[in-house]
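J.: One structure is given below, represented as structure tokens, and several questions about it will come after.
The values are calculated or read from the model by the stated rules, or taken from the named source; none is laboratory data. All values reported here derive from a predicted model rather than from experimental measurement. Methodologically, a virtual Cβ is constructed for each residue, glycine included, from the backbone with ideal geometry; neighbour enumeration extends over all protein chains shown.
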Amino acid sequence: MELRRLGRTGLHISPVIFGGIICMNETPETAAHYVDFAVDAGINYFDVAPAYGDAQERLGPALKKYRNNVYIACKTGKRDAEGAKQELLHSLELLQTDHFDVYQLHALLTQEDLDQAFGPGGAMETFLWAKKEGLIRNIGFSAHDEDIALEACRLFDFDTVLFPMNWALGMESGWGDRIAGEVKKTDKGLLSMKVMVSRMWRENEPRVYPKAWCRPVYDNDRLAITGMKYGFAKGGAALVPPGNFEHFLFMLKHIDECLAHPLTAEDLSFLKKEAAKIKDELIF
């Protein structure tokens, strides 16, 4: 599997990311099987967060034997320095590692999040301390709001950005264009998520994949593959699949195809038509 440069981090990562939520609510044996399979397939970037239930507890033992050959990214949802420090140290313990290759502010959404994280006694104090101590190597964030993401980049020169490069949002509103430009300009590593989801679940609709809060594309291979291509076209170094093993397998199966045959004008026209069908049900 072709490794890809993650911005200026110095990391070269697999184009498919293993999302730790895949291991959430699984047995230790199943989690270990998933991780073994992923590593054998060439995956070297694993991302997890305390918000994903017991995923850290499952992922830590499964990854231990591979630690020198993989990158581990983690996150904190805490906005204060002390809370972030405690969460960081606990995550290091659960994941059985002495450092994270990427550590991220998780799910920045509001101006209040930024004010707290970057203010006196805020989480960024812990990030800077942890990097100085060698507990983290690169500092990143994830966000679900483009204005907030851009403001975060103004406040600190982050190494990585984890952002929804969702085709439906992009086709309908140009979502992601500005942060993609910022990332390219400053050589940050961009990780594209929500590339294989379409819309919100409808009321009374069977939630075929209960770990997913929005509806993955699971019944239209062309749409799923084109959505993946879109994530790369926006500048993503790698893609995050929806949080279930089946979609992870789908990405693995089609990743070489997506990289060998990038997004075309025909693909964009197809995505535009598909987005128009769900314009009132977008995920953000």
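J.: With respect to the numbered conditions (1) part of a helix (DSSP H, G or I); (2) surrounded by 23 or more Cβ atoms within 10 Å (Cβ to Cβ); (3) of a type outside the set (Val, Ile, Thr), which one is the sole condition not fulfilled by Ser192?
T.: Unmet for Ser192, out of (1) part of a helix (DSSP H, G or I); (2) surrounded by 23 or more Cβ atoms within 10 Å (Cβ to Cβ); (3) of a type outside the set (Val, Ile, Thr): (1).
J.: Also: For the subset of the range 260-284 comprising residues that are in contact (Cβ under 8 Å) with a residue 12 or more places away in the chain, of a type outside the set (Val, Ile, Thr) and in a loop (DSSP other than H, G, I, E, B), which member is farthest from Tyr45 (Cα to Cα)?
T.: Only one residue fits best here, namely Lys279.
J.: Can you tell me how many residues within the range 206-219 are in contact (Cβ under 8 Å) with a residue 40 or more places away in the chain and either over 18 Å from the mean Cα position of the chain (by Cα) or assigned to a loop (DSSP other than H, G, I, E, B) (or both)?
T.: To start, the set of residues in the range 206-219 that are in contact (Cβ under 8 Å) with a residue 40 or more places away in the chain comprises 211, 214.
Filter once more, keeping what is either over 18 Å from the mean Cα position of the chain (by Cα) or assigned to a loop (DSSP other than H, G, I, E, B) (or both): 211.
Within the range 206-219, residues that are in contact (Cβ under 8 Å) with a residue 40 or more places away in the chain and either over 18 Å from the mean Cα position of the chain (by Cα) or assigned to a loop (DSSP other than H, G, I, E, B) (or both) number 1.
J.: Follow-up question, since we're still on this one. Would you confirm whether or not the range 40-54 contains a residue that is buried (at least 16 other Cβ atoms within 10 Å of the Cβ), assigned to a helix (DSSP H, G or I), modelled with pLDDT of 95 or more and over 13 Å from the mean Cα position of the chain (by Cα)?
T.: Scanning the range 40-54 turns up no residue that is buried (at least 16 other Cβ atoms within 10 Å of the Cβ), assigned to a helix (DSSP H, G or I), modelled with pLDDT of 95 or more and over 13 Å from the mean Cα position of the chain (by Cα).
J.: Filter the range 138-168 down to the residues that are in contact (Cβ under 8 Å) with a residue 60 or more places away in the chain and touching a Leu at 6+ places or on another chain (Cβ under 9 Å) and list them by number. Explain how you work it out, then say what you get.
T.: Applying the first criterion (in contact (Cβ under 8 Å) with a residue 60 or more places away in the chain) to the range 138-168 yields 138, 140, 142, 144-145, 159-160, 162, 164-168.
Scanning the range 138-168 gives Asn138, Gly140, Ser142, His144, Asp145, Asp159, Thr160, Leu162, Met165, Asn166, Trp167, Ala168.
J.: May I ask you to list pairs of residues, at least six apart or on different chains, whose Cβ atoms are under 7 Å apart, with the first in the range 245-259 being among the aromatic types (Phe, Trp, Tyr) and the second being assigned to a helix (DSSP H, G or I)?
T.: Phe245/Ile22; Phe245/Tyr34; Phe248/Ile22; Phe250/Ala224
J.: Exactly one condition in (1) part of a loop (DSSP other than H, G, I, E, B); (2) surrounded by 15 or more Cβ atoms within 10 Å (Cβ to Cβ); (3) of a type outside the set (A, V, I, L, M); (4) modelled with pLDDT of 95 or more is not met by Gly243; state its number.
T.: (4)
J.: With respect to Ser192, is the statement that it is in contact with an Asp or Glu (Cβ under 9 Å, 6 or more places away or on another chain), within 18 Å of Ile283 (Cβ to Cβ) and of a type in the set (Gly, Ala, Ser) true?
T.: Answer is no for this residue.
J.: May I pose another question? Please indicate, with yes or no, whether at least one residue in the range 257-278 is surrounded by 19 or more Cβ atoms within 10 Å (Cβ to Cβ) and within 19 Å of the chain's Cα centre (by Cα).
T.: yes
J.: Working carefully through the options Thr9, Thr97, Thr76, find the one that is within 19 Å of the chain's Cα centre (by Cα), among the hydroxyl-bearing types (Ser, Thr, Tyr) and farther than 28 Å from Tyr209 by Cβ.
T.: Numbers: Thr97 fails: within 19 Å of the chain's Cα centre (by Cα); Thr76 fails: farther than 28 Å from Tyr209 by Cβ.
The match here is Thr9.
J.: Across the range 103-146, which residue is surrounded by the fewest Cβ atoms within 10 Å (Cβ to Cβ) among those that are of a type in the set (A, V, I, L, M, F, W, C) and either in a strand (DSSP E or B) or touching a Cys at 6+ places or on another chain (Cβ under 8 Å) (or both)?
T.: Residues of the range 103-146 that are of a type in the set (A, V, I, L, M, F, W, C), as a first pass: 105, 107-109, 114, 117-118, 123-124, 127-130, 135-136, 139, 141, 143.
Those left that are additionally either in a strand (DSSP E or B) or touching a Cys at 6+ places or on another chain (Cβ under 8 Å) (or both): 105, 107-108, 136, 139, 141, 143.
Values: Leu105: 28, Ala107: 17, Leu108: 21, Ile136: 25, Ile139: 21, Phe141: 26, Ala143: 25.
Applying the filter and picking the extreme gives Ala107.
J.: If I ask for residues that are in contact with a helix residue (DSSP H, G or I) (Cβ under 6 Å, 6 or more places away or on another chain) and of a type in the set (A, V, I, L, M), which ones from the range 153-170 would you list?
T.: Within the range 153-170, Leu155, Val161, Met165, Ala168 meet the criteria.
J.: Would you say Gly236 is modelled with pLDDT under 95, buried (at least 21 other Cβ atoms within 10 Å of the Cβ) and under 17 Å from the mean Cα position of the chain (by Cα)?
T.: Spelling it out, it is not the case that Gly236 is modelled with pLDDT under 95, buried (at least 21 other Cβ atoms within 10 Å of the Cβ) and under 17 Å from the mean Cα position of the chain (by Cα).
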